[in-house]
1. Taking segment 190-222 as the search range and keeping residues that are open to solvent by less than 40 Å² (accessible area, probe 1.4 Å) and small (Gly, Ala, Ser), which one is farthest from ligand 2 (Cβ to nearest atom)?
2. Which of (1) at pLDDT 95 or above; (2) more than 16 Å from ligand 1 (Cβ to nearest atom) is the odd one out, the single condition LEU115 does not satisfy?
3. Output the qualifying pairs, or none if there are none: Cβ atoms under 9 angstrom, residues six or more apart or on different chains, first residue in segment 101-118 and polar (S, T, N, Q), second residue at pLDDT below 95 and surrounded by fewer than 17 Cβ atoms within 10 Å (Cβ to Cβ).
4. State yes or no: is VAL225 touching a residue at least 60 places away in the same chain (Cβ under 8 Å), in a strand (DSSP E or B) and surrounded by 21 or more Cβ atoms within 10 Å (Cβ to Cβ)?
5. Restricting to segment 10-42, and then to whatever is β-branched (Val, Ile, Thr) and within 13 Å of VAL251 (Cα to Cα), can you tell me which residue is most open to solvent (accessible area, probe 1.4 Å)?
6. With (1) surrounded by fewer than 22 Cβ atoms within 10 Å (Cβ to Cβ); (2) in the same structural domain as THR129 (by TED's automatic domain parsing) as the list, and LEU166 as the residue in question, which single condition is left unmet?
7. Please go through segment 1-17 and pick out each residue that is outside any strand (DSSP E or B) and under 14 Å from the mean Cα position of the chain (by Cα).
8. If you check PRO287 against the conditions, is it under 26 Å from the mean Cα position of the chain (by Cα) and modelled with pLDDT of 85 or more?
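The values are calculated or read from the model by the stated rules, or taken from the named source; none is laboratory data. Quick caveat: nothing in here was measured; it's all calculated off a predicted structure. Neighbour counts are summed over all protein chains in view; Cβ atoms, including those assigned to glycine, are modelled from backbone coordinates with ideal geometry. Areas reflect the complete protein model, heavy atoms only, side chains present, ligands, DNA and RNA absent. Shrake-Rupley method; radii C 1.70, N 1.55, O 1.52, S 1.80 Å.
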Amino acid sequence: MTAPPLLRVEELSVRFRLREMVVRAVTDVSFELRPGRLLALVGESGCGKSVLASTVLGLLPGNAEIRGSVRLYGNSARGGASSPSSASGPPDGLELLTASERTLARHVRGRRIALVPQSAATALTPVRTARSQLVETLRELRPDIGDRHREADRLAGRVGLEPAALDRYPHELSGGMAQRVVLALALAADPDVIIADEPTSGLDRPLVERTVDTLRELAGDGRAVLLITHDIAAAERVATDLAVMYASRIVEQGPASEVFDDPWHPYTRGLLEATPARGFRPLPGHPPSLSALPPGCAFRPRCSQRDTCTGDPALVPVAPGRALSCARLPEEGRGARGPLTGSEPIGERSC
Ligand SMILES: Nc1ncnc2c1ncn2[C@@H]1O[C@H](COP(=O)(O)OP(=O)(O)OP(=O)(O)O)[C@@H](O)[C@H]1O
Ligand SMILES: [Mg+2]
């Protein structure tokens, strides 16, 4: 049986109103994070991935206009034993978009949902050792722990770091070590949900693999992980589920193995074909500016099928667990009839 979600994002849209323009950073995004699962969110630079992460954590600036729902649920899979705050919460979830800053700061950020930020180096205070930052975080988030130095050493071990490395200042750490310190900080309160935003940028291949393997292990322990990454190979290595984002929308999502084996959206195919393992063919063209999105499908100008397409970008279920935003779908896959059964033809899959 599939575990209930820890986090449910529904029809989330975010736009920034600037003096001269409106930036549509996230449009109608829906997904769930479940315990034991790792959802990889991939897409080109600037498509809205980090804004999505910031929205979930209530970290957007005042000029952001937000619509939709982000609900956080208790974690019955972990029973609350190892996670002091995980078992509580209303059964219909805590709506994070309307929760007060006090609730988010005291009960959610760092405690239930931890962010591994996009830049590890800048996330650390330069004038204090990694250990002192970790111990202080433990003091704040886990006052129940008596021996914080011992717990810091345990967390270091959990992320594959020698405890002695904690006694270094950030400038004495390699990029990979700094990344692991940031991951240890994120784990301090034993969160149920981990959002890792580009946790492997700048790391060499073995370290990339170790880092994402650690995230996968953390998901395996009953947490839910959202891995935001440009690194398709890393996503393929560890993701149980995949969401592909283009110009603020999720254009394809589903079980990772299915999407990697048989990508349906032309953008997903383009992203995969650009990887060394699949031919190294760069996707032609560039994504549109999010302040000047074209009407209809934003991928259409780059799509090989654009001449025979109506350009409707609605994301609809097309098979069990899979959803696609592409107008070249069979009519029966759309709207109120709900998901196809999976045995039905998907029609023009080469759309
Ligand atoms: N505070 C803000 N005000 C206005 N626009 C913003 C703000 N924050 C982000 N944006 C815009 O929102 C869009 C999405 O940005 P975001 O950082 O989410 O992209 P991303 O997918 O994470 O890119 P990358 O892969 O390079 O990290 C960009 O066009 C960015 O300029
Ligand atoms: Mg980003």
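1. Our first condition is that a residue be open to solvent by less than 40 Å² (accessible area, probe 1.4 Å); within segment 190-222, this holds for 190-200, 203, 208, 211-212, 214-215, 218-219, 222.
From what's left, small (Gly, Ala, Ser): 196, 219, 222.
Values: ALA196: 11, ALA219: 21, GLY222: 27 Å.
Result: GLY222.
2. (2)
3. GLN118/SER201
4. Working: touching a residue at least 60 places away in the same chain (Cβ under 8 Å): yes; in a strand (DSSP E or B): yes; surrounded by 21 or more Cβ atoms within 10 Å (Cβ to Cβ): yes.
Taking the combined requirement at face value, the residue satisfies it.
5. For segment 10-42, the residue satisfying everything is THR27.
6. Unmet for LEU166, out of (1) surrounded by fewer than 22 Cβ atoms within 10 Å (Cβ to Cβ); (2) in the same structural domain as THR129 (by TED's automatic domain parsing): (1).
7. Just the residues of segment 1-17 that are outside any strand (DSSP E or B), to begin with: 1-6.
The answer is LEU6, and nothing else.
8. Working: under 26 Å from the mean Cα position of the chain (by Cα): yes; modelled with pLDDT of 85 or more: yes.
Yes: the conditions hold for PRO287.
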